[in-house]
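Working notes, structure below.
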Amino acid sequence: MTTTININAYSDALVVLGTAGVVVPIVRHWGINPVLGYLGAGAILGPLGLGSLVRELPFLYWFTVADAQNVEGIANLGVVFLLFLIGLELSFRRLVTMRRLVFGLGGLQVLTTSAIIFGATLLAGQNSDTAVILGASLALSSTAIVLELLSTERRLATTAGRASFSVLLAQDLAVIPILVLVSVLGAGSGGSVVAHISSAILKAGVAVAFLILIGRLLMRPLFQMVAGTHSTELFVAATLFVIVGAGLAAHQAGLSMALGAFVAGLMLAETEYGKAIEATVDPFKGLLLGIFFFTVGMAIDFRVFMREPGWLLAAVIGVLTGKAIVLIILGRLFRLSWPSAIEIGFLLGPVGEFAFVSIGMAAALGLIEPRVSSFAVAITAVTMALTPLLGVLGRRLAAKLGSERTLDPELTVRPPGDRAQAIVVGYGRVGKVVCSLLTSHGLNYIAIDNEAVAVARDRRDGHKVYFGDATEPGFLEACGLMQTTGVIITIQSRAAIDAVVERIRAVRPDVLIVSRARDADHARHLYAIGATDAVPETIEASLQLSEAALIGLGVAVGHAIASVHEKRDEFRLTLQQAARIAAEEKTRLLDSTGRRSPR
């Protein structure tokens with residue numbers, strides 16, 4: 001018995017898989033970003049490239065994609081998986097921690113750049129719907145390329161890296177309302193842009209509230225039940241079910257599948273299954289995103305480059321320059337240094353991959369004329385291809401400006417090479433008290449801080465503090481990390497505390513780490529990642545208050561102090577046990593999904 005198959009769909013799928021298996025490893029070997037490799041392969045092998053020559057050269061049939069619709073369905077899942085992972089990485093706590101740069105710098109960048117491009121598009125003779133879609137789409141930057149560049153160069157922990165990441169987070173959050181807006185504009189029957197936007201926000205709010213309600217009722221119990229089976233296959237199936245199911249639910253509500261997947265990821269990020277799910281989805285995400293970028297490349301029409309080269313060059317320069325200027329100005333307003341502001345301006349000036357999605361969706365709905373959408377896609381493709389080069393130029397210009405600045409000589413003093421019994425990270429009010437007590441007991445120490453103005457002032461006042469970033473392993477080693485007996489962390493930022501503890505424990509498993517903690521939950525987390533002792537601010541304040549109250553009420557000083565010490569030990573033991581149980585539960589969960597247990 002024979003079965004008829006769609007040979008066209010299979011041949012096109014083979015071309016895409018061949019690109020993933022052959023072309024991308026080659027471009028990686030040449031040092032080219034794989035996203036650009038997929039885009040270039042799609043443009044060359046797609047129906048607007050060599051695929052248009054199949055009739056004249058029939059042998060190209062097996063090396064090109066004849067019909068983009070044959071791979072479009074599975075490629076759309078790439079966007080769904082990308083939004084799910086973005087939601088999985090964007091826990092509510094993380095957003096709150098980075099709120100100033102995410103919602104301030106990033107939010108203003110999206111709004112300001114969108115408004116500027118909106119105005120320029122209106123002046124070019126386009127209608128308001130086209131202008132608002134192009135403005136919002138071209139305001140975004142490439143999360144995939146920029147984060148890979150920063151990660152490869154190990155620059156995510158720098159000031160420019162953190163600021164770039166914050167802006168990209170804001171842009172990723174903006175993707176959802178942009179896609180919703182395009183959907184509503186496509187289904188609308190006239191009316192003002194403001195009315196469309198209000199309708200989009202209301203509709204998205206109702207749909208998201210429904211998804212969150214259903215998700216909170218069902219998701220955690222579902223994964224608890226599946227994890228209890230200790231089956232990797234069922235865990236994978238449950239993860240795929242949630243992603244696709246949430247996407248389809250959003251689609252049935254008239255929104256994008258990406259929105260549903262994003263909300264599902266955001267909710268699962270708050271559960272204990274987040275990391276296991278992320279590891280489960282990662283292999284699928286890589287392949288599906290590759291197919292997505294390949295299909296995006298197929299939409300790039302080389303004829304646009306030959307038809308309107310002058311206008312295209314002017315538009316590319318205008319977009320890059322305008323976005324860079326906005327980012328530099330906003331960066332300075334948010335107290336970034338000139339080198340950091342210039343670096344993020346160059347790095348985030350190019351347009352991002354989601355412009356392909358929103359512009360393509362708008363073109364399919366008839367909101368943008370084909371000629372205009374092809375021109376906007378060409379702008380996006382050219383600027384994305386320039387991202388690595390612009391990143392290098394921005395970094396070199398920033399380095400040059402940084403070297404030309406007059407640096408306070410106090411900040412160039414390096415820590416002494418001799419062994420210190422303790423390294424104190426943070427020299428604020430808490431750090432100064434710790435250092436004074438170390439001195440009174442004859443213990444030598446090295447104090448470090450990354451606040452340049454405060455370090456320069458304290459050094460002029462005779463304090464032994466040195467300027468540097470404790471999240472950089474090289475700087476810690478220069479301070480004598482490999483020889484010191486203990487490290488005391490007194491800084492306030494939870495994210496910075498976690499980073500310092502993890503970096504120290506990675507190179508010194510035996511060293512004493514005593515860290516300040518924001519609260520009991522943070523203390524449990526610090527014990528879990530390797531802190532020897534964590535001191536929660538809230539608990540310590542309550543203990544000191546209790547001690548003062550007991551003494552004031554007539555309890556003998558010795559008994560009061562002893563009872564407070566006993567209570568402190570109880571808290572410490574409880575937090576350490578909770579961290580140990582959480583670690584064991586995480587290990588058990590990972591074992592049940594087959595991530596650590598032998599197969």
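What follows is calculated from the coordinates using simple rules that are stated; it is not laboratory data. Quick caveat: nothing in here was measured; it's all calculated off a predicted structure. Here the Cβ positions follow ideal geometry from the backbone for every residue, glycine too, while neighbour counts run over all protein chains shown.
What to note about this one:
- Given charges at Cβ of Lys, Arg, Asp, Glu: the stretch 410-592 dipole, positive-most of SER515, SER546, VAL433: VAL433
- Between helix 257-268 and the chain: long-axis angle, C-alpha atoms, 0 to 90°, nearest 10: 10 degrees
- The Cα atoms of the chain define a convex hull whose projected area, averaged across directions, is 35.2 nm².
- Once both labels are positioned 7 Å from their Cα atoms along Cα-to-Cβ, the gap between LEU57 and HIS559 label points is 9.6 nm.
- Relative to the longest principal axis of the Cα atoms of the chain, the long axis of helix 274-298 makes an angle of roughly 30 degrees.
- For the stretch 249-368, size of Cβ-based charge dipole, Lys and Arg +1, Asp and Glu -1, in debye: 360 debye
- In terms of the mean number of neighbouring beta-carbon atoms within 10 Å, the peptides 302-308, 36-42, 321-327 order highest first as 36-42, 321-327, 302-308.
- With at most 15 neighbouring Cβ atoms within 10 Å, loop GluC sites (Glu not before Pro) (DSSP) excluded, longest segment of the chain: 273-450
- Extension gain for ARG307-ARG220 works out to 25.9 nm (0.36 nm per residue, less the C-alpha to C-alpha distance).
- What the Cβ-Cβ distance of SER128 and ARG332 gives, at R0 = 25 Å and to the nearest 0.05, is a FRET efficiency of 0.20.
- Measuring nothing but how far apart in sequence close Cα pairs (under 8 Å, 6+ apart) lie, relative to its length, the stretch 410-592 scores a relative contact order of 17 percent.
- Rounded tilt (10° steps) of 557-592 against the dominant C-alpha axis of the chain: 30 degrees
- Ordered by the count of other Cβ atoms within 10 Å of each Cβ, fewest first, TYR61, TYR10, TYR527 give TYR10, TYR61, TYR527.
- For a paramagnetic label modelled on SER542 (point 7 Å from Cα along Cα→Cβ), amide N atoms under 12 Å away belong, within the stretch 491-520, to 519-520.
- Sorted by Cβ neighbour density within 10 Å, fewest at the top, the residues THR271, THR239: THR271, THR239
- Rel. contact order, % - alpha carbon contacts under 8 angstrom, at least six apart, the chain: 15 percent
- Think of each Lys and Arg Cβ as +1 and each Asp and Glu Cβ as -1; about the Cα centre, that makes the dipole of the stretch 480-558 roughly 240 debye.
- Dimensions of the stretch 410-592 along the principal axes, based on C-alpha atoms and rounded to the nearest Å, stand at 55, 49, 26, largest first.
- Spacing of the modelled spin labels on LYS567 and ILE317, each 7 Å from Cα toward Cβ, amounts to 7.1 nm.
- Net dipole in debye of the chain [+1 Lys, Arg Cβ; -1 Asp, Glu Cβ; about Cα centre; nearest 20]: 640 debye
- Potential extension, ALA582-ILE26 segment - 0.36 nm per residue separation minus Cα distance: 195.9 nm
- Each of TYR527, SER493, ILE133 was placed along the dipole of the chain (beta-carbon charges, centred on the mean Cα), and the one lying farthest toward the positive end is SER493.
- Under-24-angstrom lysine pairs by C-alpha in the chain, whenever the two are 8 or more apart or on separate chains: 5
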